[in-house]
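The values are calculated or read from the model by the stated rules, or taken from the named source; none is laboratory data. The structure displayed is predicted, hence computed values, not measured ones. Don't worry about glycine lacking a Cβ; one is built from the backbone with ideal geometry, like all the others, and counts go over all protein chains shown. Protein only, heavy atoms only, side chains kept; ligands, DNA and RNA dropped before computing areas. Shrake-Rupley method; radii C 1.70, N 1.55, O 1.52, S 1.80 Å.
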Amino acid sequence: MVTLPARYGRWMPILAPMALLVLIIHLNSSFGTDSAEFTAETEFNTKHAQGGKFVPIPPAPCPSLPGIDDVLVVVKTGITEAREKVPVHVRTTLRCIPHKLVVSDFEEEIDGLRTHDVFRNASEKLRAHQDFALYNRAREGGRAALLDQDNKKVANGPSGMMDNPGWKLDKWKFLPMMQEARQYRPEARWYVFIEADTYAFWPNLLAWLEHFDSSKNLYLGNQMQIGENLFAHGGSGFVLSHGAMHAVADYHAKHVEEWEERTNIEWAGDCVLGIALRKIGIELTWSWPHVTRESIWQQDALGDGFGVKQWCHPAVTFHHMTPSDVERLWEFDERWFGKVSSLAPRAGLVLQDHANSSSQQNNTLLTYSDIFRNFVRPKLTERAEDWDNGSEDLVQKAEPMTIYECAEHCAKKPLCRQYSLSPDGRCKTSEWAMRGLASPGTQSGTMLWRVDAAVESSGLCPEPIWVTQ
């Protein structure tokens, strides 16, 4: 055993903590952006711990949301995902929504919020359908009746996730959901439908709806098409006016069996709803980019789609958002609109260029420009390991490439802003600027100077651009 001379003993209480602090600083600096982000999140979570027990931050008072009392928010979920995805919304996005309905294939209470069985009025004939095997088991035995197969993650193919029991059951919910929503709040002016992995910016939504007349038959959503059928994508979120809701609910109530047969032959329930609405003369109002099927990390705010540039449009929804994504975006949302300024910001959530953008002077709206500058751009890095930024343009080369060759290929293309290299050496480039998602073995890079130049050339937004027809 090594011992120190007695004359050094009195310094140990001082030197030991200092050495530990130096070690921590050294280790922390050796990690990348994601580790620093994790450290900041850990500090944020432990800051409110006392005596080893977590002490939650007192919720801020609910802000004023003019028009929210006229809205019913309907969240669609299912037994295989509800306990994973709904709790974060209960404490964040839904906390201050006065009228909300969570429809599911299983009735239960989740963190104080009751889910409603959307099939409670389904016929015995319908419940005998093979797609209802999961529903019948859960109805009989609760969560204990779930099988490993029910929770198995499967790939999303051209016709959805046909090997997933919960996904197959989901398509049957859309038309019964109309009945449940109308019965729950028949006087609502607007019915807003989202899914458990959808994030909605309520101030932006309410400002958008001010441009429409709820007494008219309106169907607002992200345009999708299967064959000849045009409809609003369910995961992006869609809106029905008071008139449209009552019209489609009345129509469905008179032709239940007919639409059960139609649902059986289609693979997407949102498509079935769109067909029913069109049958009664209610056409879709194309609403991209306000509502989108992509997550915030897979959306190119600098780009365009359907001939529309996103930059100055207020964002209303993002889809495919994990509970962690929802938590982070909610904090940004709250800070942006000035609701919880007392919260210490986490890593990467510093509001930038705030004083320069005229659309930010009173924080009443949040455009794609605002989101990219302040939430996405701080997350972009020149190089990232085990990360896929979503580049799609494959470089045709017989031999595998290195990440340096891939970067050089992108640099030679004036419009290229990012690139990625698969584990087997396939290089992809893109004119997009996206954060992307974790992907083991994939390497990604971003030409940050080109991204910043594109932000500069896109400029500020003197006023928001709305989709109104």
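Per-structure values
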{"quantity": "Rounded FRET efficiency, nearest 0.05, which uses the C-beta distance separating residue 95 from residue 144 and R0 of 51 Å", "calculated": "0.95"}
{"quantity": "DSSP-defined beta bridges in segment 193-307 - what % are antiparallel, rounded to 5", "calculated": "75"}
{"quantity": "Burial ranking of peptide ranges 98-108, 285-295, 454-464 (average Cβ count within 10 Å, highest at the top)", "calculated": "285-295, 98-108, 454-464"}
{"quantity": "For segment 203-259, accessible area per residue (1.4 Å probe, heavy atoms of protein chains only), Å²", "calculated": "38"}
{"quantity": "Carbon + sulfur, % of accessible area of segment 161-250 - ligands and nucleic acids excluded, 1.4 Å", "calculated": "46"}
